[in-house]
1. Test A:SER306 against the criterion of being over 19 Å from A:TRP461 (Cβ atoms) and at pLDDT below 95, and give yes or no.
2. Against the definition (touching a Phe, Trp or Tyr at 6+ places or on another chain (Cβ under 9 Å) and farther than 16 Å from A:LEU129 by Cβ), how does A:ARG176 come out, yes or no?
3. Which number in (1) near RNA strand B (Cβ under 7 Å from one of its atoms); (2) open to solvent by 60 Å² or more (accessible area, probe 1.4 Å) marks the one condition that A:GLN249 misses?
4. Residues of the range A:45-61 being farther than 10 Å from A:ILE223 by Cβ and among the aliphatic types (A, V, I, L, M), which ones?
5. Looking at the range A:172-179, can you tell me whether even one residue there is basic (Lys, Arg) and more than 13 Å from RNA strand B (Cβ to nearest atom)?
6. I'd like the residue in the range A:16-34 that is among the charged types (D, E, K, R) and not in a strand (DSSP E or B) and, out of all such residues, is surrounded by the most Cβ atoms within 10 Å (Cβ to Cβ).
7. How about the range A:385-419: which of its residues are over 20 Å from A:ASP330 (Cβ atoms), open to solvent by 40 Å² or more (accessible area, probe 1.4 Å), part of a helix (DSSP H, G or I) and not small (Gly, Ala, Ser)?
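The values are calculated or read from the model by the stated rules, or taken from the named source; none is laboratory data. Please read all numbers here as calculations on a predicted model, not as lab measurements. No Cβ is skipped: glycine too gets one built from the backbone with ideal geometry, and neighbour counts run over all protein chains shown. For accessibility, only protein heavy atoms count, side chains too; no ligands or nucleic acids. Shrake-Rupley method; radii C 1.70, N 1.55, O 1.52, S 1.80 Å.
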Amino acid sequence: MDIYIHDTLTGARRRFEPLVPDRVSMYVCGPTVYNLAHIGNALPAVAFDVLARVLRLYFKHVTYVHNITDIDDKINAAALANGEPIRALADRFAAEYRADIAALGVLNPDVEPRATEHISEIIDMIETLIDRGHAYAAEGHVLFDVPSDPSYGSLSKQSLENILEGARVEVAPYKRDPKDFVLWKPSSDELPGWDSPWGRGRPGWHIECSAMIRKHLGPSIDIHGGGSDLTFPHHENELAQGTCVEDGQVYVRYWMHNGLLRMGDEKMSKSLGNIATIRSLRGEHPGEVLRYALLSGHYRGSLEWSDDLIRQARSSLNTLYQALVDAPGDNGATSENFHDANVDAFPETVLAPLRNDLNTPQALAAMHAIAGDIHKTGDAARARALRDQLLAGGWLLGILGTPANDYFQHAAGADPGWIESMIEKRARARDSRDFASADAIREELAASGIELEDTASGTRWKVMR
RNA sequence: GGCUGGAUGGCAGAGUGGUUAUGCAGCGGACUGCAAAUCCGUCUACGUCGGUUCGAUUCCGUCUCCAGCCUCCA
């Protein structure tokens, strides 16, 4: 059993081996909470959720830390515009974010740290960087001294000259080098601030993550994930801080970056405004459908988000649920039953692609193969075993979490009792070969969004979806 | 301009030096009173131009196009 992960730093797929056997430390950058999250924000949450599920099967201790950035200029601006206290606004949208990704089946991380709760760790780390000659204070700011880190640029594969040439930001006069970035900056009285050796101020974005990683996972971690748009400068800067604060320690063993969702041929982003919020999407679609859509592409690719993608995901997921409905015996079980199952309980055909750099499209293909086998086998015991395989695979992917019947019957616009009585009426009509009446009843149900299926064991109904 | 990655059938999207991805949709058939679900069959593929090779969608190079990053961003 080997797990492979594509590592951004080396640009290669590498066999995964944690620093300490049986212990995996994983950190994923979460959102800055100043408004509702969009579906692009959910991609890393979902992808790394699947990774965590897989890793927990093979390693006894997995610590998954997923942060929330709750101190940021955009938060300040949003709070000001709202006339709302900054802390209240950040808390509110942090809760909204949690609710949104929970609806997509994302399990809670082990730790969900907030930057504002780690100010002393941040200050400590900045002081260490200054002591070691990698940072300097100037005019109330503290800046990281980029030229002091010879390997700067290695993660984003940028040469220092190119960073300079491409720079579109004005260079502050207190910077020794244009590439130096802020670790600490002063705050005015109306902005949030904390006392520090450099006066009242607040942390820069990059140091927050480094300090929280250090606190919760230590100086050297196994996996660091996030969107590919964070590679530069955020993760490059984190790498510089995390490396320079120690002597020759590897800050991150595997850097993982998910691709970005596109909408209308462009990256979905709050700045561009071409976003679909998770909130609005899950008003229209089950969270599981949205999750399936996200998993239908490989996490490193760029997936085109569209209504058609959602429609296809919905149909595909229906097919899997249909197999559960058609499996003989009790179909009240869900993938949730495999929450604590041993690795042997999971289908290798689904697991193997996931171990190979989280190949979710291939895993889903294997799920459909199992679903097909459920229909094709004539053996009831075999079908039940396959049903369990399907549910187990569903657990890894975070889908099939609803009892199959409920999935097709929940949110029925009509009273189930009425539906059953209509079905009975139709059965009598069919028995007397009055197909015109029988079809009329079926039409009437269809008008209420109810679809009928006549099976060998009787007629069953489901909500059209 | 620099860096990184990508171009696969109607759509989405894996993968592979020679053999079916898969799903969605379409078409034909089976089943059904008719449907639905399911099963069987089936049509559209690997951006361009070269090279390596017995053989390339898969390796190498060229070109074209696209996206991301170089500024906050998942």
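1. In short, yes.
2. On the way: touching a Phe, Trp or Tyr at 6+ places or on another chain (Cβ under 9 Å): yes; farther than 16 Å from A:LEU129 by Cβ: no.
No; evaluated as a whole, the condition is false for this residue.
3. Condition (1) is where A:GLN249 drops out.
4. A:ALA45, A:VAL46, A:ALA47, A:VAL50, A:VAL54, A:LEU57
5. The answer is yes, given that some residue of the range A:172-179 is basic (Lys, Arg) and more than 13 Å from RNA strand B (Cβ to nearest atom).
6. Residue satisfying both the conditions and the ranking: A:GLU17.
7. Residue satisfying the conditions is A:TRP418 alone.
Residues checked against (1) open to solvent by less than 10 Å² (accessible area, probe 1.4 Å); (2) over 11 Å from A:CYS29 (Cα atoms); (3) within 16 Å of RNA strand B (Cβ to nearest atom); (4) of a type in the set (Val, Ile, Thr):
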{"residue": "A:GLY201", "(1), (2), (3), (4)": "yes, yes, no, no"}
{"residue": "A:ILE207", "(1), (2), (3), (4)": "yes, yes, yes, yes"}
{"residue": "A:SER210", "(1), (2), (3), (4)": "yes, no, yes, no"}
{"residue": "A:ARG214", "(1), (2), (3), (4)": "no, yes, no, no"}
{"residue": "A:LEU217", "(1), (2), (3), (4)": "no, yes, no, no"}
{"residue": "A:ILE221", "(1), (2), (3), (4)": "yes, yes, no, yes"}
{"residue": "A:HIS224", "(1), (2), (3), (4)": "yes, no, yes, no"}
{"residue": "A:HIS234", "(1), (2), (3), (4)": "yes, no, yes, no"}
{"residue": "A:ARG262", "(1), (2), (3), (4)": "no, yes, yes, no"}
